[in-house]
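Student: The structure is given below, and queries will be raised subsequently.
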Amino acid sequence: MEFIRKEKFVDFKNPGVVSRQLINPDNSSSKRVTITEVYLESGAVQPRHTHESSEQIWYALQGCGTLLLADHGEKTFTAGDVVRFSDKEIHGLYNHGKEEFIYLSVTAPPIHFGHAYEMTENNT
């Protein structure tokens, strides 16, 4: 068993976006998944991007946003929805709602997301 106290969570931040690393290579020995809780302020964007060799599943917990897909495609993504992206599939998110958008992300195999964020802050 591996038990991870909330004090071991790390937040990666970009303007308007906080990515709370619940299980990642820094606090877990898991070789199978990274689990992240992501918060986007109203108007915030996670730009389109891909993951070379990991798939990702997002579960929307709160709010209403727009998935940013390949070829400038878009799709509404709201609380209760689930979306799965294959490796190399283009995806991003825009929070067009008035409230904070929150989703849970499961990435397999695990990725260390620090490279995609400007700063790191430990939660204490």
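The values are calculated or read from the model by the stated rules, or taken from the named source; none is laboratory data. Since we're looking at a predicted model, the values are computed, not measured. Glycine also receives a Cβ, built like all others from the backbone with ideal geometry; neighbour counts cover every protein chain displayed.
Student: State whether the residues of the stretch 117-124 include one that is more than 14 Å from the chain's Cα centre (by Cα), surrounded by fewer than 16 Cβ atoms within 10 Å (Cβ to Cβ) and hydrophobic (A, V, I, L, M, F, W, C).
Tutor: Yes, the conditions are met somewhere in the stretch 117-124.
Student: Got a sec? Which of H115, H96 is in contact (Cβ under 8 Å) with a residue 24 or more places away in the chain and not in a strand (DSSP E or B)?
Tutor: The match here is H96.
Student: Here's another thing I want to ask about it. Residues being out of contact with any His (no Cβ under 7 Å at 6 or more places or on another chain), in a strand (DSSP E or B) and over 17 Å from E37 (Cα atoms): count how many of those fall in the stretch 69-90.
Tutor: 3
Matching residues to (1) on the phi > 0 side of the Ramachandran plot; (2) surrounded by fewer than 18 Cβ atoms within 10 Å (Cβ to Cβ); (3) small (G, A, S):
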residue	(1), (2), (3)
E7	no, yes, no
S19	no, no, yes
P25	no, yes, no
K31	no, yes, no
S42	no, yes, yes
W58	no, no, no
Q62	no, yes, no
D71	yes, yes, no
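Student: As an exercise: evaluate E74 against (1) in contact with a strand residue (DSSP E or B) (Cβ under 8 Å, 6 or more places away or on another chain); (2) touching a residue at least 24 places away in the same chain (Cβ under 8 Å) and give the number of the one condition it does not meet.
Tutor: (2)
Student: Additional query: Mind listing whichever residues of the stretch 36-53 are of a type in the set (S, T, Y), within 19 Å of R20 (Cβ to Cβ) and either in a strand (DSSP E or B) or at pLDDT below 95 (or both)?
Tutor: T36, Y39
Student: Same structure, new question: Determine whether S105 is among the hydroxyl-bearing types (S, T, Y), in a strand (DSSP E or B) and within 29 Å of E2 (Cβ to Cβ).
Tutor: Criteria met by S105.
Student: Give the residue, chosen from K31, K13, that is assigned to a strand (DSSP E or B), more than 12 Å from Y103 (Cβ to Cβ) and either among the aromatic types (F, W, Y) or touching a residue at least 60 places away in the same chain (Cβ under 8 Å) (or both).
Tutor: Every option except K13 fails the conditions.
Student: Within the stretch 73-83, identify whether any single residue is surrounded by 12 or more Cβ atoms within 10 Å (Cβ to Cβ), touching a Cys at 6+ places or on another chain (Cβ under 9 Å), under 24 Å from K6 (Cβ atoms) and not aromatic (F, W, Y), and answer yes or no.
Tutor: Among the residues of the stretch 73-83, at least one is surrounded by 12 or more Cβ atoms within 10 Å (Cβ to Cβ), touching a Cys at 6+ places or on another chain (Cβ under 9 Å), under 24 Å from K6 (Cβ atoms) and not aromatic (F, W, Y), which makes the answer yes.
Student: Checking the structure you have, find out if any residue of the stretch 55-63 is touching a His at 6+ places or on another chain (Cβ under 9 Å) and acidic (D, E).
Tutor: no
Student: Which of the following residues is touching a strand residue (DSSP E or B) at 6+ places or on another chain (Cβ under 9 Å), more than 20 Å from G65 (Cβ to Cβ) and surrounded by fewer than 19 Cβ atoms within 10 Å (Cβ to Cβ): E2, E37?
Tutor: Answer to the selection: E2.
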